[in-house]
Amino acid sequence: MNAEFRSNVDSVDQEALAAYRPLLDEVHELIDAGDYEAGISKLQKVARASGSEALMNYLIELRVQAFPRMSEKITPEPMFEANGLLGNPEAVRARLDKDGYLFFRSIIPLARLQELREQITQILAEQGWIQGGDKRMQALAIRRPLREGQPQFFKAHDRIIKLEALHSLAHEPNLMNVIRQALGSTAFPHPLSIVRLIFPDSPELATPPHQDFPNNQGTPNLTAAWIPLADCAIEDGSLAIMEGSHKFGVLPLKFHLGAGNRRAVLNENVLSCRWVGADFKAGDIVLFPSLTVHKAMENHNLERMRLSVDFRYQLEGEALTEGCLQPHFNRISWDDIYREWKSDTLKYYWRDKMYIEAPWDPTLHELPEDHVDEAYEQQLAYNIALTRRKEGRSARGED
């Protein structure tokens with residue numbers, strides 16, 4: 001038991017914990033052996049059923065300490081830069097099939113990215129998320145981090161999802177040229193356009209390893225394009241890919257605080273794959289099919305938000321689910337989104353495409369039965385961890 005943990009549990013009712021001492025000794029044997037997940041799981045089963053406030057407090061404190069120890073400590077190897085394959089669609093597709101991703105430099109015109117970043121940061125500044133004025137485009141966070149799904153999150157997101165510049169970026173000609181070389185001539189984007197608003201100094205909220213297929217379903221050939229809206233180094237929370245992980249099917253899920261609230265449970269085959277990543281420059285893109293395992297690196301920048309978008313593409317004639325034809329989070333109608341657009345060209349464009357609407361399979365998206373308890377415990381532990389970080393920096397005069 002480390003000194004920090006001991007100091008924080010000293011305030012827990014030690015007399016109330018006395019009856020559980022053999023259990024706690026077993027838990028710490030697992031933790032001392034490096035298996036935090038097994039230790040926490042062993043304690044959870046008893047703590048949740050015990051009705052003991054002291055034991056639950058002990059569990060939460062253990063989870064606070066476990067956050068940094070249970071996160072994936074990876075140093076991704078460099079991504080293969082595929083620009084040299086462009087012009088040879090067969091080579092592009094063969095590389096995508098082999099690696100489960102394609103990384104390209106300098107595809108999106110910077111002016112298009114700047115336009116969208118300008119509009120997003122204006123909304124974030126007006127909502128009090130970031131500094132305004134001449135530093136607005138730097139996206140310097142000035143509030144406590146928000147999770148996707150919180151009411152304050154939607155106050156900004158509901159405005160951003162209406163931006164014509166967001167949805168039209170999925171159709172940008174240079175991007176579509178690359179997409180069609182990678183997938184085929186009939187490739188088109190889903191209207192489901194996603195913006196990621198990632199706060200600094202919240203590593204517990206970093207999007208965990210996951211696959212897109214459980215969230216989207218339809219064709220497994222569905223391919224995402226991830227695009228940062230400014231330079232985004234690994235240290236700033238860029239995307240990492242498990243090379244070759246698309247070959248091992250759909251993986252089971254467990255709860256996580258990050259975007260989507262789900263992480264994939266990685267089996268031995270997937271764990272044998274290597275992580276790859278890159279320091280992205282504005283204009284770079286990475287493509288990957290929906291079975292490829294990927295994650296966000298932790299945003300270690302203590303000031304700047306990471307702003308990025310991702311779009312989904314498929315060939316005509318392939319399957320998709322109804323949710324892929326709806327706005328992200330499906331809180332606002334398309335008529336409301338389109339109301340202030342300057343052009344009608346892209347409105348309901350997918351109605352002219354051919355596709356098979358497949359039924360949604362809820363079993364592919366289900367979480368374990370204990371996910372509500374898991375969510376509560378993770379959120380509580382995260383709030384404590386974040387508060388302590390802030391207090392520690394204030395005490396050191398770093399804020």
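The values are calculated or read from the model by the stated rules, or taken from the named source; none is laboratory data. Quantities reported herein were computed from a predicted structural model and do not represent experimental measurements. Don't worry about glycine lacking a Cβ; one is built from the backbone with ideal geometry, like all the others, and counts go over all protein chains shown.
In segment 49-74, what residues are surrounded by fewer than 14 Cβ atoms within 10 Å (Cβ to Cβ) and without any contact (Cβ under 8 Å) to a residue 12 or more places away in the chain?
Correct list: 49, 51, 73.
Quick one: residue 295 ticks every box in (1) in contact with a strand residue (DSSP E or B) (Cβ under 8 Å, 6 or more places away or on another chain); (2) surrounded by 17 or more Cβ atoms within 10 Å (Cβ to Cβ); (3) not assigned by TED's automatic domain parsing to the domain that holds residue 162 bar one, so which box is it?
(3)
Any idea which of 200, 228, 208 is within 30 Å of residue 390 (Cα to Cα), at pLDDT 95 or above and under 14 Å from the mean Cα position of the chain (by Cα)?
On the way: 200 fails: at pLDDT 95 or above; 208 fails: at pLDDT 95 or above.
Answer to the selection: 228.
Every residue in segment 163-188 that is in a helix (DSSP H, G or I) and of a type in the set (Gly, Ala, Ser), please.
Initial filter on segment 163-188 (in a helix (DSSP H, G or I)): 164-169, 173-183.
Listed by number, the residues that qualify are 165, 168, 182.
Quick one: residue 269 ticks every box in (1) touching a helix residue (DSSP H, G or I) at 6+ places or on another chain (Cβ under 7 Å); (2) in contact (Cβ under 8 Å) with a residue 40 or more places away in the chain bar one, so which box is it?
(2)
Taking the conditions exactly as written (on the phi > 0 side of the Ramachandran plot and modelled with pLDDT of 95 or more), does residue 323 satisfy them or not? I'd like the intermediate steps shown before the answer.
Details: on the phi > 0 side of the Ramachandran plot: no; modelled with pLDDT of 95 or more: yes.
No: the conditions fail for residue 323.
Can you name every residue in segment 108-131 that is outside any helix (DSSP H, G or I) and closer than 14 Å to residue 156 by Cα?
Going through segment 108-131, the residues outside any helix (DSSP H, G or I) turn out to be 108-109, 127-131.
Passing the criteria: 127, 128, 129, 130.
Kindly indicate which of 287, 346, 302, 364 is under 28 Å from residue 153 (Cα atoms) and either of a type in the set (S, T, N, Q) or in contact with an Asp or Glu (Cβ under 6 Å, 6 or more places away or on another chain) (or both). Show your work before the answer.
Details: 287 fails: either of a type in the set (S, T, N, Q) or in contact with an Asp or Glu (Cβ under 6 Å, 6 or more places away or on another chain) (or both); 346 fails: either of a type in the set (S, T, N, Q) or in contact with an Asp or Glu (Cβ under 6 Å, 6 or more places away or on another chain) (or both); 364 fails: either of a type in the set (S, T, N, Q) or in contact with an Asp or Glu (Cβ under 6 Å, 6 or more places away or on another chain) (or both).
Answer to the check: 302.
So the check is Cβ under 7 Å with 6+ separation or different chains; which pairs have a first residue in segment 17-42 that's in the same structural domain as residue 62 (by TED's automatic domain parsing) and a second one that's at pLDDT below 85 and not in a helix (DSSP H, G or I)?
So the pair list comes out as 28/1.
Just need a number here: residues in segment 336-355 that are under 28 Å from the mean Cα position of the chain (by Cα) and exposed (fewer than 12 other Cβ atoms within 10 Å of the Cβ).
Number satisfying all stated conditions: 0.
Limited to segment 274-313, what total is found for residues that are assigned to a loop (DSSP other than H, G, I, E, B) and under 20 Å from residue 220 (Cα atoms)?
Going through segment 274-313, the residues assigned to a loop (DSSP other than H, G, I, E, B) turn out to be 274, 278-279, 281-284, 290-293, 297-298, 300-303, 305.
With under 20 Å from residue 220 (Cα atoms) added as a condition, the list becomes 290-293.
So the count comes out to 4.
Within segment 314-329, can you find the residues that are assigned to a loop (DSSP other than H, G, I, E, B) and surrounded by fewer than 18 Cβ atoms within 10 Å (Cβ to Cβ)?
Once the filter is applied, which keeps residues that are assigned to a loop (DSSP other than H, G, I, E, B) and surrounded by fewer than 18 Cβ atoms within 10 Å (Cβ to Cβ), segment 314-329 yields 316, 317, 326.
Restricting to segment 88-120, name every residue that is under 21 Å from the mean Cα position of the chain (by Cα) and either among the polar types (S, T, N, Q) or over 30 Å from residue 133 (Cβ atoms) (or both). Spell out how you get there, then give the answer.
Within segment 88-120, the first condition is being under 21 Å from the mean Cα position of the chain (by Cα), and the residues that meet it are 99-104, 113, 116-117, 120.
Correct list: 99, 100, 101, 102, 103, 104.
With (1) of a type in the set (Lys, Arg); (2) at pLDDT 95 or above; (3) closer than 29 Å to residue 238 by Cα as the list, and residue 389 as the residue in question, which single condition is left unmet?
(2)
Tally the residues that are over 18 Å from residue 287 (Cα atoms), in contact (Cβ under 8 Å) with a residue 24 or more places away in the chain and of a type in the set (Phe, Trp, Tyr), restricting the search to segment 297-340.
2
In segment 240-255, which residues are buried (at least 23 other Cβ atoms within 10 Å of the Cβ) and either of a type in the set (S, T, N, Q) or assigned to a loop (DSSP other than H, G, I, E, B) (or both)?
Going residue by residue through segment 240-255, those that are buried (at least 23 other Cβ atoms within 10 Å of the Cβ) are 240-242, 245-246.
Correct list: 245 only.
Return the only residue of 175, 146 being within 28 Å of residue 86 (Cα to Cα) and either among the hydrophobic types (A, V, I, L, M, F, W, C) or in the same structural domain as residue 383 (by TED's automatic domain parsing) (or both).
175
May I ask you to list the residues in segment 218-239 that are buried (at least 23 other Cβ atoms within 10 Å of the Cβ) and either among the polar types (S, T, N, Q) or under 18 Å from residue 281 (Cβ atoms) (or both)?
Passing the criteria: 223, 225, 226, 227, 228, 229, 232, 237, 238, 239.
Residues that are in a helix (DSSP H, G or I) and under 27 Å from residue 87 (Cα atoms): does segment 189-200 have at least one?
Quick first cut of segment 189-200, residues in a helix (DSSP H, G or I) only: none.
No; the residues of segment 189-200 include none that is in a helix (DSSP H, G or I) and under 27 Å from residue 87 (Cα atoms).
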